[in-house]
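Q: Just passing along the structure, written as structure tokens.
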Amino acid sequence: MPMSLEECNALVAKLARQPQFACYREAITEGSKREPIIDGCGSELAISCRKCGIEGAEGCARAYLEAPPVALVLCANRLEEGEAEDALRHELVHAYDICAAKRDLTKCMPLAYSEVRAARESECKKGTISHPFCEWFRESCIRRTAANATRTIFPAEADWCVREVFKEALADLAPTPSDSGLGPRTPTSIPTMTPRADAPNAR
């Protein structure tokens with residue numbers, strides 16, 4: 001059953017006190033002070049709950065970013081309590097990638113990179129069982145989720161973009177190593193890649 005606005009706001013207040021969420025918000029605020037890539041990245045990230053409609057960015061989204069200023073909105077009428085944390089994690093990754101890592105998510109490869117990271121921390125986050133077979137399924141989940149998300153904007157190039165950035169994005173735990181268990185933190189810049197002959201016009 002979807003949450004009420006009151007339940008959603010109470011959950012946001014609770015989650016905001018957790019170390020990982022606090023770390024993301026602090027990193028976004030600090031990173032936003034350095035030459036923001038879009039308007040509205042220069043202030044502390046606001047998180048709110050809303051009863052979302054069917055028009056514009058709200059569409060059928062469970063959560064989304066709006067700007068300026070950059071703010072994170074959870075659609076309380078489309079989220080159950082167990083889903084809200086994943087939705088918040090997902091959008092925090094995007095907010096960090098835009099405001100702190102300075103990625104332009106209007107381009108295919110940076111968007112795919114961010115979607116891989118977001119899927120890893122939310123829809124396909126690590127469970128309690130650690131086994132190579134489980135990790136294979138998890139990586140498949142991340143690939144599929146990231147490709148589907150990227151495909152909404154880049155239908156022809158999404159699979160190629162995800163494939164090109166997958167390994168690097170999967171290992172990038174910035175702003176801090178999380179409970180994802182995927183190894184050490186790595187640089188947050190996307191490596192410069194020369195498109196192969198089979199590459200679509202992805203940039």
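Q: Could you pull out every one of the helices (runs of 4 or more DSSP H) wholly within segment 19-138 that has 1 or more residues that are modelled with pLDDT under 90 and surrounded by fewer than 17 Cβ atoms within 10 Å (Cβ to Cβ)? Break it down into steps so the answer makes sense when it comes.
A: Values: elements: 19-32, 81-99, 108-121.
Qualifying helices (runs of 4 or more DSSP H): 19-32, 81-99.
Q: Trp160 versus (1) open to solvent by 30 Å² or more (accessible area, probe 1.4 Å); (2) at pLDDT 70 or above; (3) over 20 Å from Ala95 (Cβ atoms): which is the lone unmet condition?
A: (1)
Q: Conditions first: (1) under 19 Å from Arg117 (Cα atoms); (2) in contact with a Ser or Thr (Cβ under 9 Å, 6 or more places away or on another chain). Phe21 passes all but one, so which condition is the exception?
A: Checking Phe21 against (1) under 19 Å from Arg117 (Cα atoms); (2) in contact with a Ser or Thr (Cβ under 9 Å, 6 or more places away or on another chain), the one that fails is (2).
The values are calculated or read from the model by the stated rules, or taken from the named source; none is laboratory data. Note that the structure is a prediction, hence the values are computed from the model and not measured. As a convention, Cβ positions derive from the backbone with ideal geometry for all residues, glycine included, and neighbour counts pool all protein chains shown. For the accessible areas, the whole protein counts, side chains as well, though only heavy atoms, and no ligand, DNA or RNA atoms are used. Shrake-Rupley method; radii C 1.70, N 1.55, O 1.52, S 1.80 Å.
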